[in-house]
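> This is the structure, below, for whatever I ask next.
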Amino acid sequence: VDGVLLDKLDAIGRKVRGKPDVPFGGVQCIFCGDFFQLPPVKAVRMAFEADCWDELIAHSIVLKKVFRQKDERFIRCLNELRHAELSNETCQMLRDAARNQFDGEPTRLCAHNIVADRINAQKIRQLSNESHKYKAEDVGTNDSFMQMIKKKFPGA
């Protein structure tokens with residue numbers, strides 16, 4: 001859930017429940033997630049960047065036990081990568097694991113759209129085939145969700 005959607009859900013909860021001064025209109029919510037995961041490609045605010053975050057989140061619990069891996073050295077490596085603080089041991093471990101045996105060019109993963117856009121533009125310029133353009137059209141309005149809410153909850 002991105003920050004914009006979280007703010008909208010909070011506003012809807014307050015309005016539908018008729019409790020404008022209570023987060024989510026008094027609906028109790030549990031949020032869980034891994035904020036170390038890469039954010040979505042769309043340029044949106046993360047949930048913890050929502051305007052309502054500080055008011056909504058009364059208690060945070062940080063889960064520290066890793067269940068998917070058993071190798072302590074690998075777990076330490078993953079944690080260092082998450083915090084972008086690599087020890088010499090982790091750097092060497094990654095170097096030892098690296099294999100450069102590709103028949104073609106490997107897929108590049110980019111954390112930022114601007115980097116992906118630059119790489120894509122460069123690769124497109126290298127293509128020798130004729131380009132084709134296709135027109136797409138999205139139909140709808142931004143308030144379609146609110147219309148659904150009003151239909152379901154006439155007093156909202």
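The values are calculated or read from the model by the stated rules, or taken from the named source; none is laboratory data. Computed from a predicted structure; not experimentally measured. All Cβ positions, even for glycine, are placed from backbone atoms using ideal geometry, and neighbour counts span all protein chains on display.
> If residue 90 satisfies all but one of (1) touching a helix residue (DSSP H, G or I) at 6+ places or on another chain (Cβ under 7 Å); (2) of a type outside the set (Gly, Ala, Ser); (3) outside the structural domain of residue 7 (by TED's automatic domain parsing); (4) not in a helix (DSSP H, G or I), what's the number of the condition it fails?
(4) is the only condition that residue 90 fails.
> Of the conditions (1) touching a strand residue (DSSP E or B) at 6+ places or on another chain (Cβ under 6 Å); (2) more than 30 Å from residue 152 (Cα to Cα), residue 70 satisfies every one except a single condition; which number is it?
Of the numbered conditions (1) touching a strand residue (DSSP E or B) at 6+ places or on another chain (Cβ under 6 Å); (2) more than 30 Å from residue 152 (Cα to Cα), the odd one out for residue 70 is (1).
> Looking at 103, 143, can you tell me which residue is within 24 Å of the chain's Cα centre (by Cα), outside the structural domain of residue 37 (by TED's automatic domain parsing) and either at pLDDT below 90 or hydroxyl-bearing (Ser, Thr, Tyr) (or both)?
Values: 103 fails: within 24 Å of the chain's Cα centre (by Cα).
That would be 143, the only listed residue that is within 24 Å of the chain's Cα centre (by Cα), outside the structural domain of residue 37 (by TED's automatic domain parsing) and either at pLDDT below 90 or hydroxyl-bearing (Ser, Thr, Tyr) (or both).
> Let me ask another. Looking at 85, 55, which is the one that is outside the structural domain of residue 44 (by TED's automatic domain parsing) and either among the charged types (D, E, K, R) or touching a Lys or Arg at 6+ places or on another chain (Cβ under 8 Å) (or both)?
None of the other options fit; the residue is 85.
> Looking for something closer than 30 Å to residue 9 by Cα, in a loop (DSSP other than H, G, I, E, B) and among the small types (Gly, Ala, Ser) - is there at least one such residue anywhere in the stretch 108-127?
Within the stretch 108-127 (the criterion being closer than 30 Å to residue 9 by Cα, in a loop (DSSP other than H, G, I, E, B) and among the small types (Gly, Ala, Ser)), the answer is yes, since at least one residue qualifies.
> Within the bounds of the stretch 27-36, is there any residue that is assigned to a loop (DSSP other than H, G, I, E, B) and touching a residue at least 40 places away in the same chain (Cβ under 8 Å)?
Yes, there is a match, as at least one residue in the stretch 27-36 is assigned to a loop (DSSP other than H, G, I, E, B) and touching a residue at least 40 places away in the same chain (Cβ under 8 Å).
> Taking the stretch 46-73, which residues are part of a helix (DSSP H, G or I) and in contact (Cβ under 8 Å) with a residue 12 or more places away in the chain?
Within the stretch 46-73, 47, 48, 49, 53, 55, 56, 73 qualify.
> Moving on to the next point. Quick one: how many residues across the stretch 50-74 are exposed (fewer than 11 other Cβ atoms within 10 Å of the Cβ) and among the small types (Gly, Ala, Ser)?
2
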